[in-house]
Structures are given as C-alpha cells and as structure tokens.
Amino acid sequence: MKILSIAVPVYNTEKYLRRCVDSMLVEGILQDIEIILVNDGSKDGSINIMNEYKNKYPETVVVIDKENGGHGSTINAALKVATGKYFRVLDSDDWFDSYNFEIFINKLKDEDADLVITNYRKEFIYSGASVEVNWQSLEEDKLYDFNTFDLNVLDKEYFVMANSTYKLEVLKKSKLELMEKTFYVDMQYNVMPIICLKNFKFWKLDIYRYFIGRPEQSMNLQNFVKNRKNHEKVMRFLIEYYMENKDKYSDNQREYVKQILYYMLTTHYYIYCVYAEKDKKQMYNEIKEWDKYLKQRDQELYTMMNDIGQIRFNRKTKFIGVRISSKNTSKIVTTLGRLKR
Amino acid sequence: MKNRILVISWFYPPVNSSEGLVTYKLLKASKYEYDVFCQKGNASWSYGNKEKLPETKNVKSIYAKTKELSEWIEEAVEYFQENKDKYDIVMTRSMPPESHMIGLRLKKIKPEIKWIASFGDPIADNPYVKLSISYPSPHSRANCKSFKGVISPKRIIRNSLFKVRYKKQQRAVLEKDLNLQNEVFKNADYMIFNSEYQKNYMLKDCKDDIKNKAIVLNHSFDKDLYPENVEKNDKIKMSYVGHLDYLRTPHLLLEAISELKDIDDKLADKITFEFYGNMGDSDKVLIIDDELTDIVKVKKPVSYLESLKIMKESDWVFLIDANLTEVNDKNIFFAAKLADYIGSGSNIFGITMLDGISADILRKLNMILTSYSKEEIKNYLWQILYNNYKIEANDEYKKEFDSIEVAKKFDDFVSKIN
C-alpha cells in the first residue's frame, strides 16, 4: 500500500513541472508514494512532460488528463483515484525539499494521526528571497486531540494546503468536494475536513516550497480584485457550510473554523477596502451587499469583523471610502490608527 | 559571389574575448572567404591576446596598427577606402558598437555595398547596464556625518541638483546610444541577432521595414576545438568558466553549497566546485566565511581552448545569468559560453531567469534550470549528490548550436544577398 498520494494540479505549467516532479522522485521512497499528475486541459506541452514521467516511473506516477475545470476539479479527480493512506497537494509550480521529503515519508510509515503538519517556505523567486513559515508553539511529535487542545498554540496560523497531510479517509469522510471552475477553493480544503478531524501532529520538517510572484497567480493582489466574485462565491459557500454544521462541531472545532473564517473574511473585506483601484462604484455596491448578507446570516461573525480597524471604519462611514478611493482611504485609516496609538 | 567578405570586429583571436570567438567559429565553418579587420595590441575587456586557435584557410586577419579604439575606426575606414573594390559585403560585429560606426561610414563611401550589422548586446537601453546605474551623489544622506547634515536644506538642495544633473547626463548618454542604434537599423541592409528575445527587445519600437531586415543566428560550438579524450574524476566535478560580478553572482549557489555542507560534513569527498575567471569580492569572502575552501576552488582565468577542456572534463557546468527582473521580465542575453557548454557534452546546471533565451534552451535540452532561489539550487544539488539524478539530453536539439549548422544557415542567408 502506498503511504502517500500527492495530487499535482497542472495547468499550463510546463516551465515548472519538471522541478516539481523531480523533487518527489527520491529513489528510496518511490515504492511508498503515488504522484497523481492531473492535467486540467493545459494548452502548453505539460501533458507530454507528464506522460514522460508516467512512462519512466509507472509504479509511482499516475496521469489524469481531463478537460479544464479549475484547481478544485483536479483535486476532486485525484481524490477519486488516490490509494495512499495519506493525501496531500503539491501545486505544479511549487516543489518539495527532497531531503526533508524523504525523511517525511519514512516517518509517515509509522504514523496514524489524522493530520500531520509540517513547515514550509515562501520562495520569492524573482527577488531571491526565501521566508520560512514555521509553527513556533507546537510541540514536535505530540499527538494533539483536536477537541481539547489549546487553540492558542496555533499562534493565529491555521492548516493550509502547503503544510497539511491528511489521512485520505478523513478527507473522504468529510465529503470534501471542491468547487469547479472557481479560484480560491483552497479555502474549502482548509475548512471542510475539520469536522472529521480528531487529532493531529506537528513535525518540524520544512518540506513545501511555495513559489510566489508569478503575475498570473491567483494570490497576486491585483488578481484578488479581478477574481473577487470567485472569492465571494467560496466565502458564501463556507459561511453556509459553517451555519449548517455549527451544531455538529465540537467546541474546539467550531472555534477553529470561526477563526479561519475570520481570516478569510478579513481578506475579503480588504479586497474592497484596501486593494481596489478601479470600478469603485461597482465595488462599493458589492461590499455593501456583502456586509448586509453577513449581518443577516451570522451576527457573531459579523461582529467579530469589527476587530479590524479598516472594516470598522468602513462600516461606520457606510463604505463611502470604497466609492471614493479605497487605496487613499486605507492610507488615511492607517495614519489615523498610528496617531491614535 | 565573386569577392571576399569584409568583417569589422575589434575583437578577434588571438584576443580571447567572447565576441571574437563567436565570430571565429562562425567564419571558420562558413564556405565563404573573409578578411577580418581587427586588432591584437589591445587586450582590454578580454582574457588576454595570446589565444592560439587553429588556422582558418578561408579567413585572413588584417590587424590595425593602433591599440586605440578611436584610431582603429579611422584605420578601418582608411583600409576600406583603399580596398573598396574588393568587397561587395561588409559585416560589422559589436560589441563594442564602434564597429557599427565604421559600417555607417563605409556605407557612405560605397552605398551599393551590402552591410550586415551583427549585434552581441543591445547598444542602447541595455538591461544589464540599466541595472548597474546608481546615483553616487556626494551629497546623499548616506554620506552625512551628523544629524545636522541630514536635515541641512543646503545639502538637500545640492543633492537634488546633483540628481537632476546626473539624470540629465544619463539621458544624454542614452539618447546618443539610441541615435547610433537607430542609424544602424536604418542604414544596415541586414541585421543579425543571437536570439528572438534579443531581436524583439532591440526592435520593439521599429517598423516592419526594419524588422524585416533581421535574422536570428545562434551562438555556436566548434566540435573540433575540444580535446578528444579527457579524464574524469571519481568525485563529481562542477565548473563555471567565465566572468562573474556583483550582478552575475554565484551567491545563492554558494549559500546552497554551504547548507549542504551543514547536512554532510564529508561533502568535500564527494564533490568539487571550480570557478575559472573573475569572481566578485563579496562572493570570495562568502567562500572563506562559510569555510567552503575545501569544496569550492576559485582559479585563474584560462585560455579558450583550456576552458573547453575543463568543460569536457566536468560532470556538470554552471550557467549563471544576472537577475535582471527589476528592469526586464525576460533574459535577452544568450551567453556564448552556453553554446560551448552544449558542445562539451557535459550536463548543464543553469541559474537564470525563468523566462528568456537561456531558460528556453535549457528546457529544450532537458538540462537543469533553476531560478534565483537558494532552496531550488540546493534541491537539485542534493538530487545530483544523493539521488543519482540523471539527464536525458535532447541530442537532436544540440545540433542547432553546431557551428557547421549555424554557418550553413548563415551561408544560405549570404547566398541570397545581391
């Protein structure tokens, strides 16, 4: 049985794909891993590279070639065929540190926690900078009971694709199915498995290398503004999902999910109140409508957002700053905040 | 074609310079006959003037008497005036761009002559030069010795005036270079670029009549110049041959080596890194500070033929390009050494911009390509050292850089002139 299935969503990444796949092909662990390369209707030569690897490593590499359906659809497809005890995602423009990955796999053979958390690095390749994202307060190798552990040890961080390795049965039990043709579905991946999560462990291994800076990346600020409707769609889904499952969560699970939603909502408000530069009238209407929706749907989440000065100020001024110029309003609010301090 | 072709090139063997060597390999493999007006007295901007390369029957070197660039221009014009009936075609090769200044004057002397202008680097708006420009104001805040100086209005005004004057000077230089470049584009009959990237960058503001004059000719390797048999070491040998400076820096590579040494204290028994040629002081300091001297060797520059031998002896050769992302999103510079690396048959480990000519070539060859990430470099070094990483090179594509193939394309182009 394979220890780990790694889903690799591929869309027009022929330039980076070799780096990604090469980083996993470590001789000593080839029999323990299953690399599921999912071609999402790429228009470049990605599929040729994928097939080349499949032919060379037939016991390790699986190729799924499908029509374009977005990032979420590739993970859904990989989940359907995955056979590993554990499952994780590696985007095709990112890569693993091979040395730590080999240690990780060998350690995973004797593991049974629902989730294993590791560290990762953000690689700003155009500038050459590298920033490690690590968990300061988690104890290495300790099995944390998700229903009882002190959430403060997470230090305002949460489990994301780049640092999480889930047991496949947890993901299946949670009925995780990501939205298709939509950006930001990683937010679903971060929230939905929690309901079935009983425990987790942290290993001090720095594995994932998150490539940052490509202009076409959805996490690029300008793209956040451009794709804001996608962000809203996923946010709405998650809020409805949270409302629906609120009573099924344990106290800790509910608190954790609420915290993630708080971070995600902050980003959502920032898209309108800080990053926006164009379409001000439309953005103004959209954020007003969104704010109304959130207030109606969950008063608690709505009130939590007042912790953020930007959001509080914009609510007080009925988001008029978004209509005038969110960038300048943001500067004013920041300056006022500093003066007050 | 009845006559010999006149080539104007400041650099040509025995001067050991990339531009001259590119020209040498092309002409040697061509079916036409050439007179190369060059010089051998001035070895500035090169690795000496004693490079002994095989004689080429179809090429005759005509050496200028002078060592001065400005006088060389006049000597070349004088030579042409005396011999203009001998030539139907002239090819001028930069760098330096003075050869094209000669081309402009030759075209005036004999307007019917066909002029091919070949560009090594852009004359104007060169991304490498753009990134090197700083504003060394003596009145800057950094030069202040006291707080009083920092807030002094006199200093602030002087600093602003300096900046304005400096920028004006820079603009004047850029304008002069642009004028020369545009004059060459306008008057040359044909133009040679070493990659589509370089061509598109240099001709981005030109109309189609200019763009239609351009052809792209790869840099090439000459397989006859490599030694037949070389000895390989037990240890993995990775080499870099050529110039390094604070922009074209091995800094990230050295940091990656240092981190590998942290996880393997026997690293020196398994691998050796050799750098031949100039290296920036800060990188040499890093080698000492990180105690890498047992693994990393910095060696003196070598002759061109010796460099080819080193390339062939090495298991891996490094290509290190400057990170010019700040000024241009694509690398337009095709380093001539890359063609020589390809000819050597050794594996190539490229550290370059993810978009551009080097990246395209390395991807097509199936070689290693990393960008400016210590982590990425380290990961591939680890794969080579401990994971038996193998390259399956695209040998068919290598042929596109064989001087015989490149010269065929050039000869075909020349045969259509007239």
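The values are calculated or read from the model by the stated rules, or taken from the named source; none is laboratory data. Just so you know, these numbers come straight off a predicted model, no measurement behind them. Positions of Cβ are generated from backbone atoms using ideal geometry, with glycine treated the same way; all protein chains shown enter the neighbour counts.
Checked against the criterion of being free of Cβ contacts under 8 Å to residues at least 40 places away in the same chain and under 17 Å from the mean Cα position of the chain (by Cα), the candidates A:Glu177, A:Glu157 yield just one match: A:Glu157. Applying the criterion of at least 3 residues that are in the same structural domain as A:Pro193 (by TED's automatic domain parsing) and crowded, with 20+ Cβ neighbours inside 10 Å to the strands (runs of 3 or more DSSP E) found wholly in region A:43-152 leaves A:86-89, A:115-124. Checked against (1) within 14 Å of the chain's Cα centre (by Cα); (2) not in a strand (DSSP E or B), A:Thr165 passes all but condition (2).
Report, by residue number, each residue of region B:296-306 that is in contact with a strand residue (DSSP E or B) (Cβ under 9 Å, 6 or more places away or on another chain) and surrounded by fewer than 21 Cβ atoms within 10 Å (Cβ to Cβ). Show your work before the answer.
Going through region B:296-306, the residues in contact with a strand residue (DSSP E or B) (Cβ under 9 Å, 6 or more places away or on another chain) turn out to be B:296-302, B:306.
B:Lys297, B:Val298, B:Lys299, B:Lys300, B:Pro301, B:Val302, B:Glu306, listed by residue number.
From the list A:Leu79, A:Leu108, the lone residue that is in contact with a Ser or Thr (Cβ under 9 Å, 6 or more places away or on another chain), touching a residue at least 24 places away in the same chain (Cβ under 8 Å) and over 22 Å from A:Lys181 (Cα atoms) is A:Leu108.
State all residues of region A:80-107 that are touching a Gly at 6+ places or on another chain (Cβ under 9 Å) and within 10 Å of chain B (Cβ to nearest Cβ); if no residue qualifies, say none. Walk me through how you get there before you give the answer.
We begin by selecting, within region A:80-107, every residue touching a Gly at 6+ places or on another chain (Cβ under 9 Å); these are A:102, A:105-106.
A:Glu102 - this is the single residue of region A:80-107 that is touching a Gly at 6+ places or on another chain (Cβ under 9 Å) and within 10 Å of chain B (Cβ to nearest Cβ).
Filter region B:234-263 down to residues that are part of a loop (DSSP other than H, G, I, E, B) and free of Cβ contacts under 8 Å to residues at least 40 places away in the same chain and give me whichever is nearest to B:Phe318 (Cα to Cα).
Quick first cut of region B:234-263, residues part of a loop (DSSP other than H, G, I, E, B) only: B:234-235, B:242-250.
Then keep just the ones that are free of Cβ contacts under 8 Å to residues at least 40 places away in the same chain; that gives B:234-235, B:243, B:245-246.
Values: B:Asp234: 19, B:Lys235: 17, B:His243: 12, B:Asp245: 15, B:Tyr246: 17 Å.
Once the filter is applied, the top-ranked residue is B:His243.
Inspect all residues belonging to region B:374-389 and state whether any of them is in a loop (DSSP other than H, G, I, E, B), under 27 Å from B:Leu247 (Cβ atoms), touching a helix residue (DSSP H, G or I) at 6+ places or on another chain (Cβ under 6 Å) and within 12 Å of chain A (Cβ to nearest Cβ). Don't jump to the end; show me each part of the working.
Restricting attention to region B:374-389, the residues satisfying the condition of being in a loop (DSSP other than H, G, I, E, B) are B:387-389.
Among the residues that remain, those that are also under 27 Å from B:Leu247 (Cβ atoms) are: none.
Checked against the condition, which is being in a loop (DSSP other than H, G, I, E, B), under 27 Å from B:Leu247 (Cβ atoms), touching a helix residue (DSSP H, G or I) at 6+ places or on another chain (Cβ under 6 Å) and within 12 Å of chain A (Cβ to nearest Cβ), region B:374-389 yields no hits at all.
I'm trying to understand the selection: among the residues of region B:218-233, which are in a loop (DSSP other than H, G, I, E, B) and at pLDDT 95 or above? It would help to see each step written out before you state the result.
So in region B:218-233, the residues in a loop (DSSP other than H, G, I, E, B) come out as B:218-220, B:222, B:226-233.
Those that are in a loop (DSSP other than H, G, I, E, B) and at pLDDT 95 or above: B:Asn218, B:His219, B:Ser220, B:Asp222, B:Tyr226, B:Pro227.
A:Gly41 meets each of the listed conditions (1) out of contact with any strand residue (DSSP E or B) (no Cβ under 9 Å at 6 or more places or on another chain); (2) over 26 Å from A:Val170 (Cα atoms) apart from (1).
Out of A:Ile195, A:Ile207, one residue alone is β-branched (Val, Ile, Thr), more than 24 Å from B:Ile377 (Cα to Cα) and modelled with pLDDT of 95 or more. It is A:Ile195. For region A:267-292, residues that are surrounded by 21 or more Cβ atoms within 10 Å (Cβ to Cβ) and over 12 Å from A:Leu221 (Cα atoms) total 4. Only a single item in (1) part of a helix (DSSP H, G or I); (2) under 23 Å from the mean Cα position of the chain (by Cα) is not met by B:Glu78, and it is number (2).
Every condition in (1) surrounded by 20 or more Cβ atoms within 10 Å (Cβ to Cβ); (2) under 30 Å from B:Thr249 (Cα atoms) is met by A:Lys167 except one, and the failing one is (2). Residues of region B:1-50 that are touching a Gly at 6+ places or on another chain (Cβ under 8 Å), among the aliphatic types (A, V, I, L, M) and in a loop (DSSP other than H, G, I, E, B): B:Val15 alone.
Consider region B:8-35 and keep the residues that are of a type outside the set (Ser, Thr, Tyr) and under 14 Å from B:Phe410 (Cα atoms). The one that is surrounded by the fewest Cβ atoms within 10 Å (Cβ to Cβ) is B:Lys31. Of all residues in region B:51-67, which are surrounded by 14 or more Cβ atoms within 10 Å (Cβ to Cβ) and in a loop (DSSP other than H, G, I, E, B)? If the condition is that a residue be surrounded by 14 or more Cβ atoms within 10 Å (Cβ to Cβ) and in a loop (DSSP other than H, G, I, E, B), then B:Glu51, B:Leu53, B:Thr56, B:Asn58, B:Ala64, B:Thr66 are the ones that fit.
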